[in-house]
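The values are calculated or read from the model by the stated rules, or taken from the named source; none is laboratory data. This structure is a prediction, so every number in the text was calculated from the model and none was measured. Don't worry about glycine lacking a Cβ; one is built from the backbone with ideal geometry, like all the others, and counts go over all protein chains shown. The protein model used for the area step is the full one, side chains on, heavy atoms only, and it has no ligands, DNA or RNA in it. Shrake-Rupley method; radii C 1.70, N 1.55, O 1.52, S 1.80 Å.
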Amino acid sequence: MLSRIKVVHFSPTGGTRRAALLLAEGMVADIEEIDLCRPETQAYSFGADDVVLVAGPVYGGRLPTLMVERLKAYTGGGARVVSAVVYGGRAYEDALVELDDLLESQGFRVTAAAALLAEHSIVHLLAAGRPDAQDKAQLMAFGARIAAKLERGETAAPKVPGNRPYKEWAGMSAVPVVSEACTACGACAQQCPAQAIPQDDPRQTDAARCITCMRCAAVCPQQARALPAPVLQMLTQKLSPFVNKRQENELYL
């Protein structure tokens, strides 16, 4: 009988975490969270009796490099794992197969996988308000199906879409800029997963460290951080064909 699940997530703006927890809640009531966004992430070893859900956002069809680096400090030890990638309504491309490959290389047994929707972290019109009530019902049902598979003792890995080699993604060259509304409170610096914002000068951003995850914009109480207007306009135009198209969550068993 499944009694507990450990949810490992990399969720700078919260959408990935919300979707992952809905899926986990459909599986079991007892949930332990492990936050990969915390800079002090330590090595962690799981065991064969553990059930784990690992969730991360999709950046340009791939996993965030910082998430990959931190997951490499985790040892699966034969734990059964559900892999989940969360995207903002365009496409998840090679992210799910990349996550499955990484987890298997770290000693996890991938027994289910999912591609889930959450509001886009930059262009908020894309997948706006998701996961919503319809998603909640669907993800809870997905979780119940995964739990049933695990309780039957089935551990076969699902076949997921994606390409090997994975698509190339070098990340975005733009970083958030600071407006005059900034009070230098330091909330962005304290919560930046990449430690790209100096604690002693939070109006600055280290472009070499920044992964454009938009956590700084999400946590700023003054809404003083945002991508440069021309960059946001370009992205909005590029993604506009997807705004009115509702993508659906996908489960692979």
Check: What number goes with the only condition from (1) within 30 Å of residue 49 (Cα to Cα); (2) modelled with pLDDT of 95 or more that residue 155 does not pass?
Finding: (2)
Next item on the list: Return a yes/no flag: does the range 100-117 have any residue that is within 20 Å of residue 245 (Cβ to Cβ) and in contact with a Leu (Cβ under 6 Å, 6 or more places away or on another chain).
Entry: yes
Check: Looking at the range 201-242, which of its residues are small (Gly, Ala, Ser), surrounded by 14 or more Cβ atoms within 10 Å (Cβ to Cβ) and out of contact with any Cys (no Cβ under 6 Å at 6 or more places or on another chain)?
Finding: 217, 218, 226
Note to self: From the list 87, 74, exactly one residue is within 19 Å of residue 136 (Cα to Cα), out of contact with any Gly (no Cβ under 8 Å at 6 or more places or on another chain) and buried (at least 18 other Cβ atoms within 10 Å of the Cβ). Which is it?
What the structure shows: 87
Check: residue 34: of a type in the set (A, V, I, L, M), touching a strand residue (DSSP E or B) at 6+ places or on another chain (Cβ under 9 Å) and closer than 23 Å to residue 210 by Cα, yes or no?
Finding: yes
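Scan the range 187-200 for residues that are assigned to a loop (DSSP other than H, G, I, E, B) and surrounded by fewer than 18 Cβ atoms within 10 Å (Cβ to Cβ) and jot them down. Spell out the reasoning first.
Taking the range 187-200 and keeping what is assigned to a loop (DSSP other than H, G, I, E, B), we get 192-200.
Within the range 187-200, 195, 198, 199, 200 meet the criteria.
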Check: Taking the range 108-137, which residues are farther than 17 Å from residue 58 by Cα and crowded, with 20+ Cβ neighbours inside 10 Å?
Finding: 108, 110, 111, 112, 135
Checklist line | Members of the range 208-220 found to be in contact with a Ser or Thr (Cβ under 8 Å, 6 or more places away or on another chain) and either over 20 Å from residue 36 (Cα atoms) or in a loop (DSSP other than H, G, I, E, B) (or both), listed by number | finding: 211, 213, 214
Next item on the list: Please verify whether the range 180-188 includes one or more residues that are closer than 23 Å to residue 71 by Cβ and of a type outside the set (A, V, I, L, M, F, W, C).
Entry: no
Item checked: Selected residue [surrounded by fewer than 15 Cβ atoms within 10 Å (Cβ to Cβ), under 22 Å from residue 158 (Cβ atoms) and out of contact with any Ser or Thr (no Cβ under 9 Å at 6 or more places or on another chain)] from 95, 48, 79 -> 48
Next item on the list: Please specify each residue of the range 23-53 satisfying the condition of being outside any loop (DSSP other than H, G, I, E, B) and of a type in the set (Gly, Ala, Ser).
Entry: 24, 45
Checklist line | Among the residues listed as 18, 4, the single one being under 26 Å from residue 120 (Cα atoms) and open to solvent by 10 Å² or more (accessible area, probe 1.4 Å) | finding: 18
